[in-house]
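Here's the structure, in structure tokens; my notes come after.
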Amino acid sequence: MAAYLNTYADRAKKQINPAARDLLEAVERKQSNLCVSVDVTSSKDFLSIIDAVGPYVSLIKTHIDIIEDFEPSLILRLQELSAKHDFLIFEDRKFADIGNTVALQYSSGVHKIATWSHITNAHPVPGPSIIKGLATVGLPLRRGLLLLAEMSTAGALARGAYTEDAVRMARDARDFVIGFIAQHRMEGVGLREGEKQDDAEDYLILTPGVGLDATGDGLGQQYRTPQEAVLSSGSDIIIVGRGIYGNPGNMNINEVQRQAERYREAGWNAYLQRLNR
Ligand code: BMP
């Protein structure tokens, strides 16, 4: 049986990377495979959404560079909310440069991502050196990396041979690469000639492009339901942004909380169905 068909709790015990283990343990504790993507531009909205959805998530995804009034104290507030509500933090930085540059972007600058983000991600486009560069910063801090093996957008180039190469790169860096941003599972993908699928391989699949009410956003985004992502495609964590907070310009925080609860339940029920199949 493929490792991902076990419970989150069992899978946590077998992870070698601390961030992957902590995430799976949080998912189990909170009975939530929901990650909310907080794509808003003011610190106030950012913190109020996170405080509202915190009880229903195991992971908060940030794009810290879109915050217009960013100050380092925002990170302290984010960390307080992470402790209050028991969730991990994933900065969706999508690194894509040479090893030396990404190591600097990860450790330094205004945001110092590596100091607070348990998980971050990278495009595999530069080749294995991007993992090596990020690992020099992330591994000593017990961080984990996701590779973008596929994207949710219409016409995405991350498919076929590109996706296969991404999975091979991950298999060569098991201590740091904990999984993929993807729309499907990666077991059996990218096996080299004569190589057999390792049944113990257990990458985390985090899936954006999830919505219960819309099928797209008019800018290329494509949505599938939590049921399609988790039950049909074997996703481990659903990533939901606007499906939960709509247009931040006219946000009702009680409604944001209600939607987070709704998505948590949909994601968790799909997981229970997968376990019992
Ligand atoms: P929304 O649910 O509002 O469409 O937001 C999706 C989030 O996931 C965005 O932050 C986007 O940057 C991210 N994302 C995505 O939508 N598709 C991908 O393939 C990879 C992503 O990181």
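The values are calculated or read from the model by the stated rules, or taken from the named source; none is laboratory data. Note that the structure is predicted; figures quoted are calculated from it, not measured. Please note: Cβ atoms are built from the backbone with ideal geometry, for glycine as well, and neighbour counts cover all protein chains shown. Side chains are part of the model used for accessible areas, which takes the heavy atoms of the whole protein and leaves out ligands, DNA and RNA. Shrake-Rupley method; radii C 1.70, N 1.55, O 1.52, S 1.80 Å.
What does the charge count around A114 come to, taking other residues whose C-beta lies under 13 Å from its C-beta (Lys +1, Arg +1, Asp -1, Glu -1)?
So the environment of A114 carries a net charge of +3.
Under a Cβ-only charge scheme (Lys and Arg +1, Asp and Glu -1), can you give me the dipole magnitude of the stretch 83-208 about the Cα centre, in debye to the nearest 20? It would help to have the intermediate numbers written out before the result.
Details: 14 positive and 16 negative charges, 94 e Å.
Dipole magnitude for the stretch 83-208 comes out near 460 debye.
A Förster distance of 35 Å, applied to the separation of the beta-carbon atoms of I16 and T153, puts the FRET efficiency at 0.65.
Inter-label distance, D69 to E195: 4.9 nm, where each label sits 7 Å from its Cα along the C-beta direction. Towards the positive end of the charge dipole of the chain, with charges on Cβ (+1 Lys, Arg; -1 Asp, Glu), say which of Y245, L141, L5 has the farthest Cα. The residue sitting farthest along the positive end of the dipole is L5. Rounded to the nearest 5, the antiparallel percentage of DSSP beta bridges internal to the chain is 5%.
Ligands, DNA and RNA excluded, the heavy atoms of V137 present near 30 Å² of accessible surface to a 1.4 Å solvent probe. Note that the chain carries a Kirkwood radius of 18.7 Å, evaluated over its alpha carbons pair by pair. Taking the Cα centre of the stretch 1-101 as reference, the dipole from Cβ charges on Lys and Arg (+1) and Asp and Glu (-1) amounts to some 560 debye.
Determine the shape class of the stretch 132-199: with a ≥ b ≥ c the square roots of the Cα gyration tensor eigenvalues, call it rounded for a/c under 1.5, and otherwise prolate if a/b is greater than b/c, oblate otherwise. Walk me through the intermediate numbers first.
On the way: a/c = 2.19, a/b = 1.26, b/c = 1.75.
Oblate, because a/c is 1.5 or more while a/b does not exceed b/c.
As a calculated quantity, the FRET efficiency between I253 and L104 at R0 = 35 Å, using C-beta atoms, amounts to about 0.40.
Once a ≥ b ≥ c are taken as the square roots of the eigenvalues of the Cα gyration tensor of the stretch 1-159, is the result rounded (a/c under 1.5), prolate (a/b larger than b/c) or oblate (a/b not larger than b/c)? Rounded, since a/c falls under 1.5.
For the stretch 206-265, rounded, prolate or oblate, judged on the Cα gyration tensor with a ≥ b ≥ c (square roots of eigenvalues), a/c < 1.5 rounded, else prolate if a/b > b/c? Numbers along the way, then the final one.
Details: a/c = 2.57, a/b = 1.38, b/c = 1.86.
Oblate, since a/c reaches 1.5 and b/c is not below a/b.
Using a simple spin-label model with pseudo-atoms 7 Å out from Cα toward Cβ, S233 and D213 lie 2.1 nm apart. Sparsely packed loop sites in the stretch 13-75 (the trypsin sites (Lys or Arg not before Pro) outside DSSP H, G, I, E and B with at most 13 other Cβ atoms within 10 Å) comprise K14.
If you count Lys pairs in the chain whose Cα atoms are under 19 Å apart, skipping same-chain pairs closer than 8 places in sequence, the total is 11. Ligands, DNA and RNA aside, D22 has an accessible area near 70 Å² when probed at 1.4 Å. The distance linking the stretch 131-207 with the stretch 69-94 is 25 Å (Cα centroid to Cα centroid, whole angstrom).
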